[in-house]
Structure formats: C-alpha cells, structure tokens
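First up is the structure itself, then whatever we jot down about it.
The values are calculated or read from the model by the stated rules, or taken from the named source; none is laboratory data. The model shown is predicted, which means the values in this text are computed figures rather than measured ones. Positions of Cβ are generated from backbone atoms using ideal geometry, with glycine treated the same way; all protein chains shown enter the neighbour counts.
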Ligand SMILES: [Zn+2]
C-alpha cells in the first residue's frame, strides 16, 4: 500500500468514534425485528436510517412491502473511478424462541455481546453502518460509490435483497456481513425447500384394507431416500462448497387414529452444490418415486417447491473465484487488520450473496465477525471483531473505491 493510501487509512480509522460500533449493535439488538413482531423490521429500519442521516450519511427508506422498508445509504463517489462497493446486511432476525439469555436486552460479558441477532447479524450490520459514518466523517473522498443496503426478510424469502437486485442500486462488487469469524467466504451451497405430497385412500381404521395409507407410503419413500439417495449424495463433492445435503425436516399426515391417512406431506431441505442443477435435484426425487412404485404400485406422490422459501428468485449457490479481485482486496484488508494471512473458506449456510452474484451480476462474498449461537438459545458476537470488521470494510472500500 502506498504512503498516501496509508494516510487515508489512518485518517478514516481515526474517524471511528470510540464505542460507537458496540453501542449501535446494542441499540439494534434492543429493537425486535423478527417475524413475530407486527411491524416486522420497520422500527429497526427507521432507527438505522435516522442514525445514518444524523451522522451525515445520505440515507433513505425504500418500501419493499407494505410497512417493510430497506435502508439504502450511500457515500457518493466523486469521479466514478475504481469500483463501487455495496455492504449488505439484513435487519431481520429469527424470533427469540426460548433463549437462555434476555433476547432484546443486550449484555456484554467477557468481550462477548449477547442478544438475539447479535451474531446474525446486527453486529455485522452495525460494523457496516459505522464504516460509512467514519468515511463520511473523515472527509476522505472516494471515487466510486460505497453503498449500505440494510435489507428486510433475509430469514424468510429474501424479499429485501430481491428488491435491491430488481431496482438497484447496482454496484461492481458487494460484501454480505453474515458471521464468518473474519474468514473470507466467496462461496456457498444453494438452498431449496421441497414438499413431497404422498396421496392415499381414506378408509375406516377397522377396515384398513379398503384404503391406501399415505403415512405408510411416505415411510417407503423415506426408506429409499435413506438407502439409495443419501449414499449417492454422500459421494458428491464440490470444488467450491461443502458437499450437498438432504434433510427430512417435517412430516405431517392423517386426521385421527381411526382413519387411514389419505395425505402425508414431507418437508425437505436440500442444499445443492454448484456442480448440480436444480433439475437434477428434482429428478433425483422423481427417481425415488419410480423406485418406490416398482414395489408398491399404489404409491402416488407429487413433488412441489415450498412457496415459503423464496419470493421469485431461486436460492442458487454462490461462487466467486478465490482469485477474484474482490477476494484479493479483502484478503489484503484482513491481513492489514489482523497481521495474519486471511483464511478463505466456504459459508455453511445460504445467504443473500447468491442473489447479488447470480441475478444482479455483482460478485459478492461473505465476510463478518465471529461468535456463536445464530438461531440458537445463546447468541453472541465477539465485540473485538466488530471494530475489526469496520476497519476491514473501510480498508477494502479505500482499496476498491479509491484508485489513486
Ligand atoms: Zn443471517
């Protein structure tokens, strides 16, 4: 890095107010924004918008669905030189369920900030927002735009990032701030929720021979999945991501014990690798149907995509090559911050990065803080990682959005 760039970096880092990131993360955690809140992400979005505006960053709320706005903030580039960058993070969390900690009363203990969404991902979002605030305060002029998109609905159908893909803003590159323990994760698997509907024929339980039991038929389907399909998936590997998985997550069927069940539904979570196609994923299930039918001619089933899992855009895998300039620049920024070579790995879950990479043609990687307990009973983010992330986000912005 040139001397000039180092000065710029120092100037920006000095502009981060002490304690600001942790305070912002706490305030975001204290505003519930999960699917059980009648106003959903609205209060969190309005709060973040006011925080950014109050700190001199140009910000707006843009409606995605009734009462559910994304926050779009921007530090405008002066000349358009270099590459524009989006920092993307979600405003929603999963519900508290039955947490072992107070979900919405954030607490710090031993360097860990506890609360629902601390890790997934209000910590990362606070780190991103503070990066824009500090760059604005430092009066360092970027050449290309630095955008923050704080989006709704990532935990459900990703409607917030779909809206960004369709209506912009469009940037050259993007980073999603999901928790990665300061590792760079340029790839992950796709995610498809499937429903297998098994149909039988109703009859009295005392005359069960007159019926076809959909629950028993579903059991035959499960047998073949476990004896044939899972071992086949177990042999598949990916150059970019973790291997594929299939999880039987839900089973529902029948009315009452004295009736032969005429309908049974299985809910399946299928994580698919870049080397697979969605058609292949469907075909494997149809093949299981055919195998079951050979031994049980009365087996009747339909495969459906679960409408709750996405709005309009398939949750494809994310792949950005590890020698991509975004990964390399981020690697230099991580090294600058931690003094160590950045670790490049793969994200285990699915993220909005895939929608940006695939549908907006904006290469997007995942990079965020460390901690534990996303969606679990005890969730925390490492406080020291929050400022490390802000520093990395700011540094990579200067590498990409500022060329001279
Ligand atoms: Zn998340």
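Residues that are under 13 Å from residue 355 (Cα atoms), surrounded by fewer than 24 Cβ atoms within 10 Å (Cβ to Cβ) and in contact with a helix residue (DSSP H, G or I) (Cβ under 8 Å, 6 or more places away or on another chain) within the stretch 148-178 comprise 162, 165, listed in sequence order.
Table: residues versus (1) over 21 Å from residue 386 (Cβ atoms); (2) within 16 Å of the ligand (Cβ to nearest atom); (3) free of Cβ contacts under 8 Å to residues at least 24 places away in the same chain.
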| position | (1), (2), (3) |
| --- | --- |
| 33 | no, yes, no |
| 42 | yes, no, no |
| 46 | yes, no, yes |
| 60 | yes, no, yes |
| 73 | no, no, no |
| 97 | yes, yes, no |
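Return a yes/no flag: does the stretch 191-206 have any residue that is within 16 Å of the ligand (Cβ to nearest atom) and modelled with pLDDT of 95 or more. Checking the stretch 191-206: at least one residue is within 16 Å of the ligand (Cβ to nearest atom) and modelled with pLDDT of 95 or more. Could you check, for the stretch 239-248, whether at least one of its residues is within 14 Å of residue 262 (Cα to Cα) and in the same structural domain as residue 292 (by TED's automatic domain parsing)? No, the stretch 239-248 contains no residue that is within 14 Å of residue 262 (Cα to Cα) and in the same structural domain as residue 292 (by TED's automatic domain parsing).
Listed here are the residues, each with its yes/no results for (1) over 23 Å from residue 181 (Cβ atoms); (2) modelled with pLDDT under 95; (3) within 16 Å of the ligand (Cβ to nearest atom).
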{"position": "314", "(1), (2), (3)": "yes, no, no"}
{"position": "320", "(1), (2), (3)": "no, no, no"}
{"position": "344", "(1), (2), (3)": "no, no, no"}
{"position": "362", "(1), (2), (3)": "yes, no, no"}
{"position": "378", "(1), (2), (3)": "no, no, no"}
{"position": "381", "(1), (2), (3)": "no, no, yes"}
{"position": "391", "(1), (2), (3)": "no, no, no"}
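Taking the stretch 181-201 as the range and being part of a loop (DSSP other than H, G, I, E, B) and surrounded by 22 or more Cβ atoms within 10 Å (Cβ to Cβ) as the test, the residues that pass are 186, 189, 200. Of the conditions (1) part of a helix (DSSP H, G or I); (2) at pLDDT below 95, residue 285 fails just one. Which one is it? Going through the list (1) part of a helix (DSSP H, G or I); (2) at pLDDT below 95, residue 285 breaks only (2). Residues that are surrounded by 23 or more Cβ atoms within 10 Å (Cβ to Cβ) and either in a strand (DSSP E or B) or near the ligand (Cβ under 10 Å from one of its atoms) (or both) within the stretch 108-124 comprise 113, 114, 117, 119, 120, 121, 122, 124, listed in sequence order. Mind checking whether some residue in the stretch 163-174 is more than 28 Å from residue 294 (Cβ to Cβ), touching a strand residue (DSSP E or B) at 6+ places or on another chain (Cβ under 7 Å) and within 16 Å of the ligand (Cβ to nearest atom)? Yes, the stretch 163-174 contains a residue that is more than 28 Å from residue 294 (Cβ to Cβ), touching a strand residue (DSSP E or B) at 6+ places or on another chain (Cβ under 7 Å) and within 16 Å of the ligand (Cβ to nearest atom).
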